[in-house]
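What follows is a single structure, written as structure tokens, with notes after it.
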Amino acid sequence: MKSDSSRFAFQACITPGCGGQYAIDEAHVACAKCGGLLDVNYEWDRVPVPKSLREFEARWNNRRNPLDFSGVWRFRELLPFAPPEAVVTIGEGQTILQRSESVGRYVGMRPGNLFLQYEGLNPSGSFKDNGMTAAATHARMVGAKTAACASTGNTSASLAIFASTTGLLRVVVFVGSGKIAYGKLSQALDYGALTVQIQGDFDDALARVREVCSRLNIYLCNSVNPLRLEGQKAIMYRVLESLEWQPPDWIVVPGGNLGNSSAFGKAFSELKHLGLIDRIPRLAVINADGSNTLYRLHEKQGVRWNDGHLDHPAIDTFYSEMDAEGRRAATLATAIQINRPVNLVKCLRALDICDGVVREVSDQEILDGKAQAGAGGFGCEPASGASIAGAKRLREEGVIAPSERVVCILTGHGLKDPNVTVAYHAAESGKADKSARFANRPIAVENDLEQIVSALRKFA
Ligand code: F0G
């Protein structure tokens, strides 16, 4: 399908001096010249972009048009790579940003300054649907019939739901064996995706799926696909929309394969370039301490974007030492259990654009942050708890001031990984984990009215 957008949208290598460029109607997951990551770029002076972000509000009362209903495509002028008739949407992005006083108190903010962006409300229960609508649209533009991804669980659930609801694609998902939360695995199976559990972890699965896609000419939907990240920019558009188009001071997001952070940096850099915002928020990317490649490289070794002239030898040495020592990522937050984040270089660029910082937090801090979100009504999966734990850490360090406005991204729904939640709250009271500070322990009673009443009196 030749698109109108092919006149002003194209794919370009991000490596300085490479100059690799590809048409928007082609599928690429790396630069054919240098192997670098690709961006989707636009000749913005030829795109009919609104003069003010407020103009997008006109679409709020047009919910019968699926493109205006979508929380991604109602901002279509900011990701103008697809003709409207090619768009594949399942109503993604109906998510909310909500002030949370209880989580704000926990983090150490002044009242009214802590917001949660609840991406668990997406059709497949995670933020991935923002990117998958763009990838599925592009797959349609290039005429793909089969799509694949490797996943820690949410990407596969998202790809599977897009395939099953639209019937446009056959789908193969690769997951590491035993590394995936059951809620996510159940989705891939239920939505009918061909599910391949390979021996190994996410990094192994991703390496293999890249080979498989190239050999069998299958459309790859991981975040090395630059179209995915175009869709994920919309999470930031909705944050701005909810804050009446005023940028917050901080965006705090868990870091795994680093697609989200990369997309957020691109979104803000474009909005600034277009004169649609006057200030770019600071970005905090939070690693689990058992899966902390970005933290080590950025904070410990000082690796920076440096206008694209990165210290590649430092990164290569880091990875060879990781392999030589047999270090493998290990965290209860399986969504972000990743050794070699594929978007590392783009994320370093985003950190540069957003004057960003990286922190690592322990699994215990992640689970406590998650419990705080849940107690405030925002059930999220462990990885999402990292953003709350990270915000708290940065407050304690004084990097975030209590008077600043902070948005924590809750990336996935609480029902994705109920095992971790139940283990934290300790269903089997005898085995209660004492380190779970906010555990809501169930009480065991005989099936006897008097005993139940007497147990409840203690709470009444
Ligand atoms: N939070 C959740 C719930 C995730 O599923 C992921 C990534 C992340 C955070 C990290 O986001 O990769 O953009 O830095 N999940 C991928 C998957 C890897 O396969 O579902 P990122």
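Quick rundown of the values:
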item	result
Per residue value of the accessible surface for the stretch 366-460 (all protein chains in place, 1.4 Å probe), Å²	51 Å²
Accessible surface, the stretch 26-103, averaged per residue in Å² (probe 1.4 Å)	49 Å²
Lys, Arg +1 and Asp, Glu -1 on Cβ, resulting dipole of the stretch 277-351 about Cα centre, debye, nearest 20	240 debye
Mean Cβ count within 10 Å, highest first, over the residues of peptides 288-295, 192-199, 165-172, 153-160	153-160, 288-295, 165-172, 192-199
Peptide ranges 176-186, 392-402 listed from the most packed, as the mean C-beta count within 10 angstrom indicates	176-186, 392-402
Packing rank of 33-41, 359-367, where each peptide gets the mean count of other beta carbons within 10 Å, highest leading	359-367, 33-41
The chain: angle of helix 382-396 to the longest principal axis, Cα-based, in degrees nearest 10	80 degrees
Angle between the chain longest axis and helix 154-166 axis [Cα atoms, degrees, rounded to 10]	70 degrees
Apportionment of accessible area to carbon and sulfur, the stretch 236-278, percent (1.4 Å)	36 percent
Per residue convex hull volume, Cα atoms of the stretch 39-98, in Å³	118 Å³
Nonlocal amide H pairs with residue 170, under 5 Å, H built at 1.01 Å	146, 147
Charge-dipole axis of the stretch 2-148 as Lys and Arg at +1 and Asp and Glu at -1 on Cβ define it, positive-most pick from 37, 67, 123	123
Dipole magnitude of the stretch 266-316, debye to nearest 20 (Cβ charges: Lys/Arg +1, Asp/Glu -1, about Cα centre)	180 debye
Helix axis angle, 202-216 relative to the chain longest principal axis, alpha carbon, degrees	30 degrees
Separation between Cα centres of the stretch 373-429 and the stretch 254-288, rounded to whole Å	20 Å
Debye intensity ratio I(q)/I(0), log10, the stretch 1-74, q values 0.13, 0.17, 0.22 Å⁻¹ (C-alpha model)	-0.56, -0.81, -0.99
P(r) weight above 16 Å for the stretch 204-257, C-alpha pairs, percent	58 percent
Computed magnitude of the charge dipole of the chain (debye, nearest 20; Cβ of K, R +1, Cβ of D, E -1)	460 debye
Greater than 28 Å apart at Cα, pairs in 272/370; 179/346; 392/416; 179/370; 33/300	272/370; 33/300
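The values are calculated or read from the model by the stated rules, or taken from the named source; none is laboratory data. Keep in mind that this is a model prediction, so the values were computed, not measured. Note that each Cβ is placed from the backbone with ideal geometry, even for glycine, and that neighbours are counted across all protein chains shown. The area values use the complete protein model at the heavy-atom level, side chains included, leaving out ligands, DNA and RNA. Shrake-Rupley method; radii C 1.70, N 1.55, O 1.52, S 1.80 Å.
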